[in-house]
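Written below as structure tokens is the structure these notes are about.
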């Protein structure tokens, strides 16, 4: 048993979770920070209307991220369980199949984005005030979609082999460089929203170069075959897609949900420009708040996958319980943060100190944050199912809040509370999905505990 197998299979699970999740969390928070800073600098440079431009671009970015996460998490799950079995053939297949199919999908999406960009923005009901900003931004962002997606795949595979620090450095390198380049291109060269896009693409390319070189090194268990680049193992691809599909659905449904909300705003108010910008700020800040939770479950996944493959159910049970306690506590503090500092957030993003933008934005954000209290249960349950290789269950967990609950509830709440009902829908959906996930997670933990007892007898 090598050092990495020893780490995943025998090291104290609580310490191991911290060891793997802290680098993932730092990397993801820094990664989310550049989205936050992008939006902030654009707002300070171009005004509140420009935030809406980035908001229209957000669904397209989310769909591409959904592809990268689907391939990355799916291949990481296959790789982790093969690693636990010491199956080197499947380990190599999972890496190369993932990289090749991701390149094809991300490249296709990027090309189609260029061709149909104007039509897409008009479909989102971009307004005359911000469609110019959105077009300039997305024309450049589309260039960086392939390296961004490939980096996401390699980051997940690095964590799957126990090299969470490498993934953290790659994400931090790209995000940190983006934060440094943003003011240079936006203010120094006076490029505004285009400068934000150039900074983002430059940093994504450099981040990819770093993680790709690390994956080729002798320190890595990842075996990347640069020959036969068009060969894809169909059996392995099926496993990757089946396991990763819930992640794709969750993130792409999130993208379509964003489109749906933007269109609702366009239909519900005469001039949706500021409302779309308010939604954009909330989206960016929530994205930042949620990253530590996602970082925790990214550290959790390889532990679950390896120990499930190694049939160490007692470790599987202990680490899941510990992770659940940590993530629920974290999101409670996230709720408290929004309650106390929501107004400060919107004041920060307002170039002109617009009273409506700050007051209404703060109100909407506080309403949404009530859902934070229970959302952690859903995040943990989805991660557990994916790591164990139960894609249908993970898919149902992923869709419960964003589709099954949100869509019917929003029409009821809009009729009862007007536009405020839109924000209350977020909270009600999160709370309901969280309660359901809590009950299911308790049941699954009992099953895991019984399997551990039977194995020890």
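Across segment 391-401, what is the number of residues that are surrounded by fewer than 23 Cβ atoms within 10 Å (Cβ to Cβ) and within 16 Å of the chain's Cα centre (by Cα)? Final tally of qualifying residues: 2. From the list 296, 241, 222, 234, the one residue that fits, being more than 24 Å from residue 346 (Cβ to Cβ) and without any contact (Cβ under 8 Å) to a residue 40 or more places away in the chain, is 234.
Considering only segment 264-286, state which residues are modelled with pLDDT under 85 and either surrounded by fewer than 22 Cβ atoms within 10 Å (Cβ to Cβ) or in a helix (DSSP H, G or I) (or both).
Matches in segment 264-286: 266, 267, 268, 269, 270, 271, 273.
Selection over segment 368-390 of residues that are surrounded by fewer than 21 Cβ atoms within 10 Å (Cβ to Cβ), in contact (Cβ under 8 Å) with a residue 12 or more places away in the chain and over 21 Å from residue 329 (Cβ atoms) gives a count of 1.
Would a scan of segment 16-31 turn up a residue that is surrounded by 19 or more Cβ atoms within 10 Å (Cβ to Cβ), more than 22 Å from the chain's Cα centre (by Cα) and part of a helix (DSSP H, G or I)?
yes
Of all the numbered requirements in (1) in a helix (DSSP H, G or I); (2) in contact (Cβ under 8 Å) with a residue 40 or more places away in the chain; (3) in contact with a helix residue (DSSP H, G or I) (Cβ under 7 Å, 6 or more places away or on another chain), residue 107 misses one, and that requirement is (2).
Residue-wise test of (1) farther than 28 Å from residue 140 by Cα; (2) surrounded by 20 or more Cβ atoms within 10 Å (Cβ to Cβ).
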position: 194; (1), (2): no, no
position: 199; (1), (2): no, yes
position: 202; (1), (2): no, no
position: 209; (1), (2): no, no
position: 233; (1), (2): yes, no
position: 261; (1), (2): no, yes
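Go through the residues of segment 344-359 one by one and say whether even a single one is under 20 Å from the mean Cα position of the chain (by Cα) and touching a residue at least 24 places away in the same chain (Cβ under 8 Å). No, every residue in segment 344-359 fails to be under 20 Å from the mean Cα position of the chain (by Cα) and touching a residue at least 24 places away in the same chain (Cβ under 8 Å). Evaluate segment 391-406: report whether one residue or more is farther than 22 Å from residue 245 by Cα and assigned to a helix (DSSP H, G or I). No, every residue in segment 391-406 fails to be farther than 22 Å from residue 245 by Cα and assigned to a helix (DSSP H, G or I). For the residues 184, 169, 179, the requirement of being more than 16 Å from the chain's Cα centre (by Cα) and free of Cβ contacts under 8 Å to residues at least 60 places away in the same chain singles out 184. Answer yes if at least one residue in segment 312-325 is outside any helix (DSSP H, G or I) and farther than 30 Å from residue 86 by Cα, and no otherwise. Within segment 312-325 (the criterion being outside any helix (DSSP H, G or I) and farther than 30 Å from residue 86 by Cα), the answer is no, since none of the residues qualifies.
Scanning for something more than 23 Å from residue 67 (Cβ to Cβ) and over 25 Å from the mean Cα position of the chain (by Cα), does segment 256-267 turn up at least one residue? Yes, the conditions are met somewhere in segment 256-267. Before we move on, is residue 335 within 30 Å of residue 280 (Cβ to Cβ), crowded, with 23+ Cβ neighbours inside 10 Å and touching a helix residue (DSSP H, G or I) at 6+ places or on another chain (Cβ under 6 Å)? Taking the combined requirement at face value, the residue does not satisfy it. Can you tell me which residue in segment 114-134 is farthest from the chain's Cα centre (by Cα), limited to those that are crowded, with 19+ Cβ neighbours inside 10 Å and assigned to a helix (DSSP H, G or I)? Residue satisfying both the conditions and the ranking: 133.
Let's see how each residue does on (1) over 30 Å from residue 97 (Cβ atoms); (2) out of contact with any helix residue (DSSP H, G or I) (no Cβ under 7 Å at 6 or more places or on another chain):
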residue	(1), (2)
137	yes, no
142	no, no
158	no, no
161	no, no
184	yes, yes
188	yes, yes
199	yes, no
220	no, no
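The values are calculated or read from the model by the stated rules, or taken from the named source; none is laboratory data. Every value quoted in this text rests on a predicted model; they were computed, and no experiment measured them. Don't worry about glycine lacking a Cβ; one is built from the backbone with ideal geometry, like all the others, and counts go over all protein chains shown.
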